[in-house]
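**Student:** Just passing along the structure, written as structure tokens.
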Amino acid sequence: MPIHDLLYRCPLCDAETTTFISNQTSCLGCKTIFSNSIDSQILVQPQREPAYLTSAHMLTLSMEKLLKARFDRLSNPDQSLLRSEAIMAIASEYQPVYLKKELMGYTEVIRGGTAGHLILSKSLDFVGEKGVLHHWNFDQIKSLQISSDAIQLYMQEKGLHQFKLIENSPKLWEDNLKLAISRYYLKQNLEIFSYQPVIKTRRIEI
Ligand SMILES: [Zn+2]
């Protein structure tokens, strides 16, 4: 994963980061530069402080905290949290997978694609030129996973939907969507205890 897809926002100040170089990204706010270093460490070079090495894990933890704070600050719950250009495709059929003539399982065949925007607000919507094409409530999303350029969601009774993101990082979507879904359930006193292979919730004991 290019460093920009991992650090899609600055772990220090929450501003957006640049996308130009695959092994380096810099913050548009505080101008800190983040680059891949040895042993999967990341070199952090703040503008006015000495540079230091840290792990990707520490930086993504800090991003999670900032993301939660941003969600808490939202005054208008109707405003959209994320909007990304995407190509949507739906798995239309399943093909058997054989290994030495033995049936191992099935794989989804994803065909076609519709251009539009994926919008996260208090629901998830896919909007095309003529308006809203799909609208999903968070409890319709049964599982989510990401690849290098797409997020895949399994929608209840509607099957697997793939959104190939044109510019934004799939991890940006995974983090925001997980937080939005968990807050949706929290309002019903439910907590998510598993995202894989499917989203599972349990009642919070008070
Ligand atoms: Zn910054």
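**Student:** If Rh is defined by the Kirkwood formula over all Cα pairs and Rg also comes from Cα, what ratio Rg/Rh do you get for region 3-73?
**Tutor:** 0.95
**Student:** Right, next: I need the GluC sites (Glu not before Pro) found in region 93-187, filtered to DSSP loop residues with at most 12 other beta carbons within 10 Å of theirs.
**Tutor:** Within region 93-187, the qualifying GluC sites (Glu not before Pro) (loop, at most 12 other Cβ atoms within 10 Å) are GLU129, GLU157, GLU167.
**Student:** Just need the relative contact order of region 58-197 here, percent rounded to a whole number, with Cα pairs under 8 Å and 6+ apart.
**Tutor:** 21 percent
**Student:** Counting only DSSP beta bridges with both residues in region 82-202, tell me the antiparallel percent, nearest 5.
**Tutor:** 100 percent
**Student:** Right, here's the next one. Along the Cα-to-Cβ line of GLU157, 7 Å from the Cα, sits a label point; which residues in region 110-139 have backbone N less than 16 Å from it?
**Tutor:** Only 135-139 fall inside the zone, counting backbone N under 16 Å.
**Student:** How large is the helix-only mean residue ellipticity at 222 nm for the chain, computed as the sum of -39500 (n - 2.57) over DSSP H runs with n ≥ 4, divided by its residue count, in deg cm²/dmol to the nearest 500?
**Tutor:** For the chain, the value works out to -6000 deg cm²/dmol.
**Student:** Next up: Quote the convex hull volume per residue of region 82-202, based on C-alpha atoms, as a whole number of Å³.
**Tutor:** 120 Å³
**Student:** Report the relative contact order of region 3-73, percent, no decimals, based on alpha-carbon pairs under 8 angstrom and at least 6 residues apart.
**Tutor:** On the way: 114 pairs, mean separation 17.7, N = 71.
In percent, rounded to a whole number, it is 25.
**Student:** Ok, one more. Rounded to the nearest 5, what % of the DSSP beta bridges within the chain are antiparallel ones?
**Tutor:** Here the share of antiparallel DSSP bridges comes out near 100 percent.
**Student:** Among the listed pairs LYS122/LYS164; LYS68/LYS158; LYS68/LYS171; LYS142/LYS178; LYS68/LYS178; LYS65/LYS171, give every one whose C-alpha distance is greater than 18 Å.
**Tutor:** The answer is LYS122/LYS164; LYS68/LYS158.
**Student:** Within region 28-43, which residues have the backbone N less than 16 Å from the label spot 7 Å out from CYS13 along Cα→beta-carbon, could you tell me?
**Tutor:** So the set is 28-34.
**Student:** Averaged over all directions, how much area does the convex hull of the C-alpha atoms of the chain cover when projected, in nm²?
**Tutor:** On the way: hull surface 62.5 nm².
Approximately 15.6 nm², given one-decimal rounding.
**Student:** Could you tell me how many degrees, from 0 to 90 and to the nearest 10, lie between the Cα long axis of helix 56-73 and the main elongation axis, the longest principal axis, of the Cα atoms of the chain?
**Tutor:** 80 degrees
**Student:** Rounding to the nearest 10 and keeping the result within 0 to 90°, find how far the Cα-based axis of helix 170-186 lies from the longest principal axis of the chain.
**Tutor:** So the inclination is approximately 70 degrees.
Any read-out appearing in this document is the output of simple, stated calculations on the displayed coordinates, not a laboratory observation. For clarity, every value in this text was computed on a predicted model and none was experimentally measured. For neighbour counting, all protein chains shown are included, and Cβ atoms are generated from backbone atoms with ideal geometry for every residue, glycine included.
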